[in-house]
Structure formats: structure tokens, C-alpha cells
Amino acid sequence: MEEYEGGDETKPIYSPKFWEILFDRYYHDKILDFVLEFPTKLRLQINYDDMKICWGIMGRTTTSATDFFINNPDKALADANTALRDISVPIDREPEFRERAEVAIVGFKPQITVREIRKENIGQYAAITGTIIRKTEVRYAVVVAAFMCQRCTHITHIQQPDGTWTMPFECENDACGRKGSFKFLKKESTWMNKRKIQLQETADQIADGDQSLATIDAVLYDDVDCPPVGSIVTISGTLTEAQITIKGNLTDEFRVYIHVNHIQEIDADRAIMITSEDVKEMEEMAKDPNIIGRLVASTVPSVRGHEIIKEAVLCSQVSPESLLLPDGRKLRGPSHIMLCGDPGVAKSVLLLAMCGNVPRAQYAAGRSASSKGLTVAVTKDKGGWGEGAWVAEAGMLVLADRAFAVIDELDKFEKEEQRELNTVLEHGMVPVRKAGINRDYFARVPIVASLNPKYGRFDQYESIPKQVNVPPDTLSRFDLVFTMFDVPKEDDELTADHITNLWQKATEVHQKEFEGMKALTKSWGTDKYVPEISLDMMRKWIYEAKKIQVRITSECRRSLNDFFMDIRLSQSADKDAAIPIAWRTLDGMMRLVICETRLRHGKVTEIRDVERVKALVQESFKVMIDPATGKLDSDIISVGMGKSQRERIGVLKEIIRKLQEELKSAVPTEDIVNKAVEAGIKKDDVEYMLNKLKSVGELFEASNERYRVV
């Protein structure tokens with residue numbers, strides 16, 4: 001082993017023989033197993049820590065051997081592959097082993113974030129963690145191309161840089177030496193499978209002030225398996241650069257990508273580190289009969305009130321997995337919540353803050369994300385990869401699989417975009433059937449969405465579906481729908497005092513920089529703005545709650561069943577009465593009772609869980625009260641209009657039909673409005689009902705503001 005003297009210590013200089021020593025001392029048995037598994041397994045995994053120990057450099061801050069590997073990874077890995085392929089193997093495996101067996105380095109440290117990469121990192125070995133947001137299908141690439149001189153038939157082999165094509169400048173045959181022409185020989189060339197992915201940094205890697213998540217392209221060769229889009233992975237390999245071309249012209253800018261040596265899918269929840277002390281603390285907390293009240297009080301206490309909504313969102317965050325039935329059907333597990341509120345009632349503030357409870361939670365707001373940004377985009381790549389290939393790019397709901405998703409201002413999306421959510425809400429997946437991509441992407445995630453009224457503020461005397469820009473079939477898939485009205489109340493003075501005190505305290509304790517959340521909390525002391533249960537403990541509590549398997553007792557099942565049937569049969573005496581509650585609501589209540597039990601860290605449901613579910617559901621029923629009758633009508637949410645409104649539409653149709661017969665032509669809007677008002681229909685409702693009839697094809701607008709019944 002080559003060495004050099006450096007101060008008080010002897011540091012080994014890198015040598016290709018290091019790999020032979022490493023294999024002999026640490027990987028003798030693993031190599032025997034690897035040979036037996038070959039070619040099913042093509043890469044021998046070498047732990048980076050083993051390299052440091054074997055080379056005698058563990059614990060030293062600078063070493064020539066590791067520096068050489070980091071700064072010359074292609075040369076070092078080529079030496080490693082050569083040493084591996086020189087090992088004796090059974091003769092039936094020998095030809096392929098000598099050509100394809102490779103080494104993969106795992107556990108490389110320290111990692112680097114995408115936004116930390118600089119020019120000096122190019123050519124180095126690096127490890128990066130992020131989320132796969134897009135990938136191509138497997139293609140076939142030439143690694144070493146064979147070219148035959150058409151004059152002397154001499155064959156030249158040229159290594160092909162990634163993403164480019166290099167041909168011989170002149171024949172290598174000294175007797176020829178001419179500059180062409182050359183013929184590409186496919187059979188004599190070396191080929192490898194090739195796939196490209198795009199990695200996006202995770203939300204916790206965003207620096208203060210940054211608005212977007214940085215991305216990096218990565219190239220995977222041969223047997224490097226690629227997890228599905230939406231997976232969080234750590235990739236390690238060589239950072240490489242390529243010159244950017246625009247419309248065939250080279251620019252002065254270069255893009256960075258990583259030539260992947262190893263890819264490892266990781267557990268997104270690994271950021272939640274739970275100690276034995278945490279376990280003891282949570283066990284004590286779970287004994288408190290008011291634990292859910294404490295959790296709610298500790299949820300964004302800087303936003304006063306909204307306790308029911310905070311509890312509902314917490315329940316959503318601990319939603320169970322979907323349950324498989326013997327007939328193949330699945331009972332949907334995630335519980336979805338919708339908030340319908342006036343502007344300025346803290347919907348966005350509340351939901352964005354609560355995203356911090358769940359690792360990998362995703363947030364999208366209004367026009368900042370299209371349907372492609374919510375589900376899966378299939379686009380033709382015109383950027384850095386330059387192949388014009390169709391690629392799948394994961395949207396926020398796929399990235400939030402098994403985590404938590406918030407869609408703010410859902411009303412800002414087009415109706416078709418909103419309807420793309422239906423399959424996600426009901427089945428937890430995004431089906432893609434386009435451009436040769438035929439697969440389902442998982443989006444098993446509880447969704448909390450919010451929307452604003454399309455006329456600025458909600459009218460409490462009109463039905464909610466009439467005032468929002470969301471299809472009924474989408475709205476009805478949410479288990480709970482809450483209204484948040486901004487109307488003057490007796491306790492407004494308390495809310496005003498809460499807000500002004502918050503600002504006063506914030507200015508008193510503000511500093512330019514804080515050491516962290518603990519230091520910030522300490523500086524505020526103990527007051528109503530500081531959560532009793534810290535954000536860190538809240539994250540741990542929810543993480544543990546999501547792992548609990550809950551059993552529903554017969555007593556709780558009967559209680560919920562009786563509650564549901566009492567409401568459903570409450571108007572049974574009136575044969576013409578509307579259906580007050582739909583069967584889908586009962587499914588939602590069963591999901592919620594599991595959520596409530598999980599939220600208190602229980603394993604078996606209790607009546608207290610049922611009572612909390614009833615309180616949530618009864619608050620949600622307010623959106624299903626028909627303003628005309630004051631009674632519950634489930635059709636207001638499920639089909640967009642209640643029974644009384646359908647009756648008024650029937651009256652309006654009959655008015656138009658009679659006027660049409662009298663005039664022998666299409667009826668002017670003014671005549672329709674006058675007759676409708678005489679029949680007791682509000683003038684403001686007429687335009688809405690006319691548009692509704694047009695949308696379902698029962699009314700034809702013959703000319704401007706003149707209508708005919710179809």
C-alpha cells in the first residue's frame with residue numbers, strides 16, 4: 001500500500017489495489033452470495049463506511065484516499081468494477097460477469113441539497129435526497145460505440161459521453177489515418193438500459209425566502225431500479241454537466257445532472273425521531289380524558305376559535321388506510337374535509353399551519369397549481385433531456401401519497417380540473433391513459449380543501465352549492481363540509497383583542513434571528529399564543545396515531561347506526577319530503593369514529609368517540625339546510641339543489657311552456673321573470689335556474705335572452 005508522511009500521521013494514497021483489499025477483508029462472503037445471485041442482481045453494494053475503515057482513515061477530516069474517490073469517482077468506480085470482475089466465477093456466468101458486474105456505493109456522507117450544488121462540485125461523487133416527480137420509460141443507449149473505417153475496415157471504439165454522440169475524427173489505423181467516412185456498427189457496440197428521472201428537493205430543504213423547490217435531472221443505467229413517481233429517494237453518483245442548447249444553438253450556460261450509481265427509497269417519516277422519553281410522555285398524555293381538547297387547543301392557537309374545524313382536520317390527518325373486502329372492494333379510509341368560507345376568516349392561515357403536523361404534507365393554492373399540478377401531468381419533454389419524449393410528472397396529490405394534502409381556493413380551478421379529483425377522493429389513485437403511459441398512480445391521501453363564494457361573500461339564506469364554483473359530484477365526496485361566515489358577533493371584541501395582543505407580543509419578543517423553535521417559544525413564555533403541546537410533540541403524536549389499528553365495538557356501531565336512522569327517518573311521515581341524509585354520510589361517520597379513536601391514541605372505539613363524531617357531523621349539516629324550508633336535504637350537496645328548488649324549477653319550466661304556446665315563439669327573459677315573481681320565485685333565483693336548465697339541456701336559448709323549452 002502506498003503511503004506518504006503528513007505531520008503526525010501516515011495517510012494512505014489512493015491505489016486501485018485498495019478495492020482488492022476491501023473485497024478480501026470485508027466482502028468475501030457477500031461476494032460469494034453476489035456471484036450466486038448474478039445476473040438477477042448486477043451490482044454489489046459497498047458501504048462507504050467500510051471503505052473508510054478498511055483504508056485506515058476513519059475519523060480523520062482529510063485523507064488523500066477518500067478525497068481521490070470523491071473527486072475522481074469515475075476512475076475509482078472503474079477500478080472497483082475491474083477488481084470485482086477479476087474475481088473467479090463459475091464458467092457459465094463468466095462472460096456476462098466480466099462485462100456487467102458493477103459496484104454500487106451506499107451510505108455516502110455527507111449529503112448535499114440540490115440548491116447547494118456549485119461549479120466546484122462538478123465531477124464529484126455526491127448523495128442527494130428528494131422526491132421523484134417525473135421519469136422516462138427505459139431506453140437503450142450506446143455506452144461504447146464501434147465505428148468501421150469505410151476505407152480500410154479498421155474498427156474504432158469510442159466511449160460515448162452521456163447525452164451526446166461522438167464519432168472518430170480520423171482512423172486510428174496508422175496505415176490509413178484518414179478522416180472518414182465511418183460506419184456505425186450496432187452489434188459490435190456496447191449497449192445499456194437507460195432511464196432519466198427528475199428529482200425535486202423536499203419541502204424541509206427550502207431555505208428562508210425561497211419560493212420554489214429546486215430540481216435536478218438524474219440518469220440511471222442498466223439495473224439501477226427506479227421507484228415510482230412520488231417516491232422519496234436518496235440518489236448517489238457523479239455530478240456531471242452538459243451544455244444547454246436552445247433551438248439547436250449552444251448557449252453559455254450548462255445544466256447539472258447526476259449520473260446515478262445507487263438509488264435508495266427511504267421512509268418519508270424517518271424525520272420523526274421518537275425517543276423512549278417521548279413514548280412515556282405520550283402514554284401519560286393518552287390517559288387524559290381531555291386529550292383531544294388539549295390537542296385542539298394546541299393547534300394554531302394564534303388563530304382564535306374554529307375548534308370544530310381544527311378537530312376535523314386533526315381527524316383527517318390520522319385517517320386510516322383503506323380496508324380490503326373479500327369481494328375485492330375497498331372501503332375508503334382517508335377522510336376528506338371541505339371548508340366553505342368568506343374571505344379573511346383564516347382558512348388559508350389555519351390549513352397552511354396544520355400542514356406542519358405531517359411530514360411530506362403538500363399544499364397548493366388556487367391558480368398556482370393546475371390540474372396537472374394536482375394529479376399527474378403527461379407532457380412532451382422539450383427541456384434539458386432534449387428527446388421530445390412523453391414523460392409523467394407527479395402532481396402534489398401523488399407526492400402526498402400516505403401523507404396529507406391541502407388544496408386552498410379549490411373554486412379557482414376549472415370544473416374539469418376539479419372533477420379530476422373525484423377518482424383521488426374516492427379511490428386514492430390517479431389513472432393515466434395517454435401517450436403510451438398506461439398506469440395508475442397512488443394518491444392515498446386525506447384531502448382538506450377550501451373555497452370562497454363566487455359572489456364575494458356567502459349569503460346565509462341561499463344554499464352553498466348555488467354560491468360556489470365546484471361541481472356537486474366533487475363536493476359530495478367530502479365527509480364533512482363546514483361553513484365559515486364572517487358576520488358580526490357578540491364575541492368579536494375578544495377576537496379583536498386576541499389579534500392586537502398577538503401583534504403587540506410579537507413586536508416585543510422579535511429578534512432578527514432565533515436559534516430555533518424552542519428558543520422562540522421560550523422567549524414568548526407561557527401565554528395563550530404558545531401551544532401547550534409543542535409542534536414537535538404534535539408531529540410525533542400524529543405519527544404514532546396513524547399506526548394504530550382501531551377496532552369498532554358493537555355498542556359504537558349501534559349508536560352511530562341509530563343516530564343516522566333517526567335523522568334519515570325524521571321526515572318519513574311526509575311522503576313528499578326530501579331525503580335529509582344520504583348513505584354516503586354513514587360511511588363518513590364510520591371513518592371519523594376511527595379517526596377520533598386514533599386521535600386519542602385509543603385502540604378500541606368508545607361512546608365518547610361517537611359523541612365527538614356526532615358533534616362534527618351536526619355542525620357539517622348546516623350546509624344541507626334548505627333555506628326555503630329550514631329542513632335537512634342531502635340533495636343540496638349530492639346533486640347541487642334541494643327538493644324545494646327542484647319544485648321551483650318545475651314551476652319555471654311550466655311558466656316558460658305556457659308563454660311559449662301563447663307567443664308561438666321563444667319567450668323573452670323579462671316575461672319569464674315577471675311570471676316567476678308572481679308565482680313566488682325570487683327574481684335573483686330565475687337567472688340561476690335558467691342557467692341550470694340550459695346546462696342539462698332542458699332549455700334552449702333561441703336568441704339573445706329568449707328561451708324555448710326543449
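Structure values in brief
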item	result
Förster-model FRET efficiency, 35 Å R0, Lys109 and Asn193, C-beta, rounded to 0.05	0.75
Gain upon complete extension [Lys547, Lys603; 0.36 nm per residue less C-alpha separation]	19.1 nm
Quotient of C-alpha Rg and 2.2 N^0.38 Å, computed over the stretch 293-375	1.30
Cα-projected label distance for Ala175 with Glu137, points at 7 Å along beta-carbon direction, nm	4.7
Rg/Rg_ref, the chain, where Rg_ref = 2.2 N^0.38 Å and atoms are Cα	1.22
Helix 607-620 axis, angle to the chain major axis (alpha carbon atoms, nearest 10°)	70
Using distinct alpha-carbon pairs, which all enter the 1/r mean, Kirkwood radius of the stretch 220-348 in Å	20.9
Estimated Rh, the stretch 276-545: Kirkwood, alpha-carbon pairs, angstrom	20.7
Compactness relative to 2.2 N^0.38 Å, alpha carbon Rg of the stretch 243-317	2.14
Alpha-carbon Debye profile of the stretch 667-708, log10 I(q)/I(0) at 0.17, 0.29 Å⁻¹	-0.42, -1.07
Cα-derived Rg over Rh, computed across the stretch 389-531 with Rh taken as Kirkwood radius	1.10
Degrees separating the helix 583-599 axis from the principal Cα axis of the chain, which is the longest one	60
Least to most buried among Leu421, Leu32, Leu352 (fewest other Cβ within 10 Å first)	Leu32, Leu352, Leu421
Charge dipole (debye, nearest 20) of the stretch 276-545; +1 at Cβ of Lys and Arg, -1 at Cβ of Asp and Glu	940
Within the stretch 276-545, percent of DSSP bridges classed antiparallel, to nearest 5	45
Charge dipole magnitude, Cβ of K and R +1, D and E -1 - the chain, Cα centre, debye nearest 20	1940
The stretch 280-358 and the stretch 133-149: distance between their alpha carbon centers, rounded to Å	49
Share of Cα-Cα pairs in the stretch 114-266 lying beyond 26 Å, as whole percent	41
Label-point gap, in nm, between Ala496 and Ile272 - each point 7 angstrom along Cα→Cβ	4.2
Structure-based [θ]222 nm, the chain - -39500 (n - 2.57) summed over DSSP H runs of at least 4, per residue, nearest 500	-10000 deg cm²/dmol
Spin-label pair Leu32/Leu663, simplified geometry with 7 Å Cα→Cβ offset, distance in nm	9.5
Residue order, fewest to most beta carbons within 10 Å, for Cys595, Cys171, Cys226	Cys226, Cys171, Cys595
C-alpha long axis of helix 643-663 to longest principal axis of the chain, angle in °	70
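Only the coordinates and a few stated rules stand behind these numbers; no lab work does. In this text, all values refer to a predicted model and were calculated from it rather than measured experimentally. FYI the Cβ positions are ideal-geometry reconstructions off the backbone, even for glycines, and counts take in every protein chain you see.
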